[in-house]
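First up is the structure itself, then whatever we jot down about it.
Derivation of every value follows stated rules applied to the coordinates shown; laboratory data play no part. Remember, predicted model here, so these are calculated numbers, not experimental data. Methodologically, a virtual Cβ is constructed for each residue, glycine included, from the backbone with ideal geometry; neighbour enumeration extends over all protein chains shown.
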Amino acid sequence: MDRHSRPLPSRRTASAAIALLFLAGGLTPAAAMRREALKLHTARGVHVISTEITETQEEKALGLMFRTSLADNAGMLFFYDTPQEVTMWMRNTYIPLDMVFIRADGTVHRIEAWTQPFSESIISSGPNVVACLELAGGAAERLGLKPGDRVEHTLFKPKKK
């Protein structure tokens, strides 16, 4: 969950209202977000992940909060226009996640595996990333994903050779 947009009291209310609207309408947040395929290039091969793309501050603030499951081949991508330190947390997140921090060229910078549900501890990317891909806890190890591996999606611009 995106801490850059750490909810202030009014944002907490907005996040709760968004969640209630989704639930009242019979929709899940996943049903409303744009979903695209993303490829993870690892030593074990290429893995296709069905990824929800956060596009608004509200989507970034809500993230995977209140979800009780995440499929093995699914994830959520938080993308930022400029390289920066990205900080996340697990507030209101019921399931453990692997957070994959990605540089502008699609290179995996760092992975925080098995994050603790409900924790408000800050999880930092370190400098100069443009994205965080959240996967189900343990997915990075299961797929063989490591720092230095490549993430392929139109949002990332590989270095020219």
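Were the residues from Thr82 through Thr107 laid out at 0.36 nm apart, the gain over their Cα-Cα distance would be 7.5 nm. For segment 92-107, the Karplus equation 6.51 cos²θ - 1.76 cosθ + 1.60, evaluated at θ = phi - 60°, returns couplings of 6, 9, 7, 10, x, 10, 9, 9, 10, 8, 10, 7, 4, 8, x, 7 Hz by residue, with Gly and Pro reported as x.
In terms of packing, defined here as the mean over residues of other Cβ atoms within 10 angstrom, the peptides 56-69, 34-47, 93-106 line up highest first as 93-106, 56-69, 34-47. Here the label points at His41 and Ser124, each 7 Å from Cα along the C-beta direction, are separated by 3.0 nm in the simple model.
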